[in-house]
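Accompanying notes for the structure given below.
The values are calculated or read from the model by the stated rules, or taken from the named source; none is laboratory data. Quantities reported herein were computed from a predicted structural model and do not represent experimental measurements. We place every Cβ from the backbone using ideal geometry, glycine too, and count neighbours over all the protein chains shown. All accessible areas refer to the heavy atoms of the entire protein, side chains included, with ligands and DNA or RNA removed. Shrake-Rupley method; radii C 1.70, N 1.55, O 1.52, S 1.80 Å.
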Amino acid sequence: MPHGALTLSEALALTSDARVVTTNTPPYAVVHVNKAWSEQTGFLFTEVMGKSCSFLQGPATDPSTIKHLRDAVRKRTFVQTKLVNYTREGAPFWCEIEVGPVAEGSHFYATITATAIEDGSVDPLEFQTEPPKSPSPTSWKGRGANKPAKRGDKVPP
């Protein structure tokens with residue numbers, strides 16, 4: 001893993017290190033992830049672009065470690081730590097993470113190493129694999145405001 005500031009070109013370069021690049025201002029929106037990062041987290045760039053990396057956090061993610069990371073980012077200093085994150089499928093993993101400002105000051109980069117937590121010490125998250133279904137259409141014609149028609153109900157003309 002790299003140590004310290006990278007240039008934007010280095011942060012975006014092809015590498016086998018799992019890397020994400022974000023904007024340099026809150027909410028530190030994702031602007032780039034590489035293949036190794038997607039493989040370790042299960043998230044594709046199209047699913048995370050424009051979001052903060054907080055979607056990786058869950059109930060076993062230590063708030064004091066998150067505060068430590070945020071303080072370093074706010075001060076624009078390099079930080080290295082370890083925390084529990086979760087894959088797209090909800091599997092917990094130890095995330096060894098290095099976060100630093102891009103040398104030009106335009107972005108931040110994070111390089112991670114993920115190690116699955118398989119000893120049962122951290123419960124997986126239950127994620128919904130399909131988007132929620134939209135409610136059935138309703139018709140108010142001939143009905144009271146508190147009794148909407150349900151799909152398949154006959155509504156008088």
Got at least one residue in the stretch 73-90 being at pLDDT below 95, out of contact with any Asp or Glu (no Cβ under 6 Å at 6 or more places or on another chain) and in a helix (DSSP H, G or I)?
yes
Look at Lys82 and say whether it is open to solvent by 80 Å² or more (accessible area, probe 1.4 Å), of a type in the set (D, E, K, R) and touching a Cys at 6+ places or on another chain (Cβ under 9 Å).
yes
Those residues that are in contact with a strand residue (DSSP E or B) (Cβ under 6 Å, 6 or more places away or on another chain) and either among the hydrophobic types (A, V, I, L, M, F, W, C) or at pLDDT below 95 (or both), I need them from the stretch 35-47; list them, please.
Ala36, Trp37, Phe45
Every residue from the stretch 27-42 that is open to solvent by 40 Å² or more (accessible area, probe 1.4 Å) and in contact (Cβ under 8 Å) with a residue 12 or more places away in the chain:
Pro27, Tyr28, Val31, His32, Glu39, Gln40
Of Glu104, Glu130, Glu126, Glu98, the only residue that is under 23 Å from the mean Cα position of the chain (by Cα), modelled with pLDDT of 50 or more and loosely packed, with under 14 Cβ neighbours inside 10 Å is Glu126
Can you pull out the residues in the stretch 53-72 that are within 17 Å of the chain's Cα centre (by Cα) and part of a helix (DSSP H, G or I)?
Cys53, Ser54, Phe55, Leu56, Pro63, Thr65, Ile66, Lys67, Leu69, Arg70
